[in-house]
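First comes the structure, then the notes that go with it.
The values are calculated or read from the model by the stated rules, or taken from the named source; none is laboratory data. Every value quoted in this text rests on a predicted model; they were computed, and no experiment measured them. Here the Cβ positions follow ideal geometry from the backbone for every residue, glycine too, while neighbour counts run over all protein chains shown.
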Amino acid sequence: MISLLTKALKKAGLVLASLLIFLLSAWAFGALWFDGQVTTAGYATGHGMALIYLMVELLLLILFLRGSRWAGGAAALIIALVSGWWIHVQPSNDRNWQADVSREPWAEVHGDHVTLHNVRNFAYSSDPSENDLGERWETRTVSLSQLSGVDAFLNFWGVSWMAHPILSFQFRDAPPIAFSIETRKEKDENYSALGGLYRQYELVYVVADERDVIRVRTNRRKGEQVYLYRITLSPAEVRKRFLEYICSMNALREHPRWYNAITANCTTAIRSQRSLEARTAWDWRILLNGQVDEMFYERGLLETEGLPFPVLRQRALINEAAMKADQDPDFSRRIRSGLPGFGR
């Protein structure tokens with residue numbers, strides 16, 4: 001009986017160890033496939049390395065399953081070597097960037113005044129087939145004492161359980177300043193959800209006029225929906241949130257970071273701006289953020305005018321208003337007109 005139990009435990013241990021090696025090997029394959037080109041001569045070399053690695057690891061795993069302990073050790077050693085290399089792949093602010101992220105924003109704070117550099121205000125055509133983006137980069141100065149609130153945009157582009165949040169800070173004497181945390185893609189580079197799990201993209205803070213960062217999603221890109229909500233924060237909290245963005249944005253200019261689809265994405269990066277003690281309780285909707293507006297609703301963070309959430313969300317859609325406003329200098333007011341929480 002004891003002998004049978006011992007054999008069963010050994011077999012279970014072998015299966016678990018094999019599964020662990022397989023999972024770690026799959027991760028290491030992805031690291032070489034997506035990130036090998038960062039430090040080698042291009043995609044062909046990186047992909048070639050990944051395929052060779054995969055064949056070697058599969059062979060070692062087969063040998064390990066047949067009882068070869070040295071094969072398991074060799075597989076673990078190779079995984080460790082790949083991990084050691086991957087950890088040292090460094091992000092950079094100096095690459096051949098796409099036009100919309102070609103400049104990193106930064107800010108100077110002098111008492112009550114904040115001067116923001118490289119504020120994006122592109123004059124996009126509504127026709128996505130036109131390549132002229134109407135590039136404009138601006139410098140703007142705002143006063144912290146004039147902050148009047150913060151609004152949240154939620155942008156859907158495909159599946160309902162994933163979205164892109166954009167926070168926009170309102171000033172009594174100046175146009176809104178919107179912050180969008182995104183992947184900083186190089187020219188001829190496209191977003192990959194799997195690639196986003198590795199060190200494929202740098203993280204970038206886009207600081208923009210709403211006529212740029214919102215209108216490009218409602219008027220230029222096809223099939224995207226944008227919702228707009230008023231956040232219920234005190235003036236002191238709005239100021240804190242604004243300065244958190246400024247601090248994180250400036251730090252990124254000096255010390256670039258990798259984007260990660262889980263740990264440093266458009267939503268989790270916002271949460272990480274705050275100290276551990278100040279962060280709100282974790283919720284699965286922070287990661288699967290297509291329902292983050294519902295989470296805000298449940299936590300009392302949205303102006304609702306007493307509406308149930310399904311009705312509030314239905315009325316928060318701004319695509320039609322944005323299409324009508326288009327390049328109107330009064331774009332920000334027009335997209336808010338009649339929305340719950342924004343008055344009349």
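Data table
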quantity	calculated
Any chance L144 is modelled with pLDDT of 95 or more, out of contact with any strand residue (DSSP E or B) (no Cβ under 6 Å at 6 or more places or on another chain) and over 27 Å from R315 (Cα atoms)	yes
Residue count for the stretch 171-192, restricted to those that are of a type in the set (S, T, N, Q), outside any loop (DSSP other than H, G, I, E, B) and more than 24 Å from L116 (Cβ to Cβ)	0
Complete set of residues in the stretch 1-54 that are at pLDDT below 80, assigned to a helix (DSSP H, G or I) and under 26 Å from the mean Cα position of the chain (by Cα)	Q37, V38, T39, Y43, G46
Scan of the stretch 75-126 for residues that are in a helix (DSSP H, G or I) and either of a type in the set (G, A, S) or within 30 Å of R241 (Cβ to Cβ) (or both), ordered by number	A75, A76, A80, S83, G84, A99, D100, V101
Test: residue in the stretch 272-280 that is under 14 Å from Y205 (Cα atoms) and either polar (S, T, N, Q) or within 18 Å of the chain's Cα centre (by Cα) (or both)	yes
Top-ranked residue in the stretch 49-84 [being hydrophobic (A, V, I, L, M, F, W, C) and in contact (Cβ under 8 Å) with a residue 40 or more places away in the chain; ranked as nearest to D132 (Cα to Cα)]	V82
Check on R215, crowded, with 20+ Cβ neighbours inside 10 Å and either basic (K, R) or in the same structural domain as A26 (by TED's automatic domain parsing) (or both)	yes
